[in-house]
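The values are calculated or read from the model by the stated rules, or taken from the named source; none is laboratory data. Here the structure is a predicted model, which is why all the values come from computation and not from measurement. Cβ atoms come from the backbone with ideal geometry, glycine included; neighbour counts cover every protein chain shown.
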Amino acid sequence: MSKILNTQNAEITTVTVEVKTITISRKQVTLSVFRQLREEPILSKDLTLNGVPWGYVNYHPAKCGDEGEHLHVVWQKGNDLLRSRINAPANANLEVAPWVQLVLSAAIAEGLQTKLAGVADPAEKFGFSDVTIVRNYHKPGYGWFTYGGVRFHARMIAEQFAAVYTRDKHPASIREAGMQITGPNSDASAIAALKLPVSEYHAVWDALSALPHLFIAV
């Protein structure tokens, strides 16, 4: 039988909470000062760190709080203190040229198309979800897809591939064009598994998310 909470058996316990702040010359950094930090990417193209991360700030200087989960990381490069926005894997929009474009082109050549009513999503065959391809007439198209929980962005998709994505049937010439890009022994799924840095991006996000939450003064 549980005890009844009353003034005789209740008590208030005081705990100590550690609050980490950024200070300059022993003065706590304000929002105004934080906004003046130069913004540079902490991640290089190969997803290694360009400097030493200090922590992240729960403040969105560009009013980007509703733009999907992300962090504003404060980091050090040499003697400079900088800030960098890092998107969560689900909305990373990660560009890995030329592999993202190659994966999408190969998938289209192998039958990737818009989902039809009452038919299984063709993207599942490749392990993709949330595929979006935009055709840019007479110019390279572009698109996005999620693979392994990471959102990838293909900046340029050859017009011949983007043009057939919305068609019910793909001409044989597209399959041949895809084989010219990937070679006869490669396919979209194999390229994605080998070349798209899914585990690497998750690892970076987990590491940066585990950094101290830094508080700044209003």
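Confirm whether residue 90 is within 30 Å of residue 186 (Cβ to Cβ), in contact with a Lys or Arg (Cβ under 7 Å, 6 or more places away or on another chain), among the aliphatic types (A, V, I, L, M) and crowded, with 17+ Cβ neighbours inside 10 Å.
Values: within 30 Å of residue 186 (Cβ to Cβ): yes; in contact with a Lys or Arg (Cβ under 7 Å, 6 or more places away or on another chain): yes; among the aliphatic types (A, V, I, L, M): yes; crowded, with 17+ Cβ neighbours inside 10 Å: no.
So residue 90 does not fit the description; no.
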Problem - Matching option when the condition is touching an Asp or Glu at 6+ places or on another chain (Cβ under 8 Å), under 26 Å from residue 58 (Cα atoms) and of a type in the set (D, E, K, R), among 151, 135, 155, 175 - result: 151
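Matching residues to (1) assigned to a loop (DSSP other than H, G, I, E, B); (2) among the small types (Gly, Ala, Ser); (3) within 20 Å of residue 187 (Cα to Cα):
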position	(1), (2), (3)
100	no, no, yes
103	no, no, yes
106	no, yes, yes
119	yes, no, no
131	no, no, yes
167	yes, no, no
176	no, no, yes
Practice task
Find all pairs meeting these conditions: Cβ atoms under 8 angstrom apart; at least six residues apart or on different chains; first residue within the stretch 19-40 and more than 15 Å from residue 75 (Cβ to Cβ); second residue modelled with pLDDT of 70 or more and in a helix (DSSP H, G or I).
Solution key: 24/33
Handout entry: Residue count for the stretch 54-86, restricted to those that are surrounded by 16 or more Cβ atoms within 10 Å (Cβ to Cβ) and more than 22 Å from residue 32 (Cβ to Cβ)
Key = 1
Completion exercise
Within the stretch 178-205, residues in contact (Cβ under 8 Å) with a residue 12 or more places away in the chain and either outside any helix (DSSP H, G or I) or farther than 26 Å from residue 93 by Cβ (or both) come out as 179, 186, 187, 196, 197
Problem - Filter pass, residue 155 being of a type in the set (Lys, Arg), within 14 Å of residue 102 (Cβ to Cβ), under 26 Å from the mean Cα position of the chain (by Cα) and outside any helix (DSSP H, G or I) - result: yes
Exercise for the section: Might you let me know whether the stretch 103-114 holds any residue that is assigned by TED's automatic domain parsing to the domain that holds residue 35, crowded, with 19+ Cβ neighbours inside 10 Å and not aliphatic (A, V, I, L, M)? Expected result: no
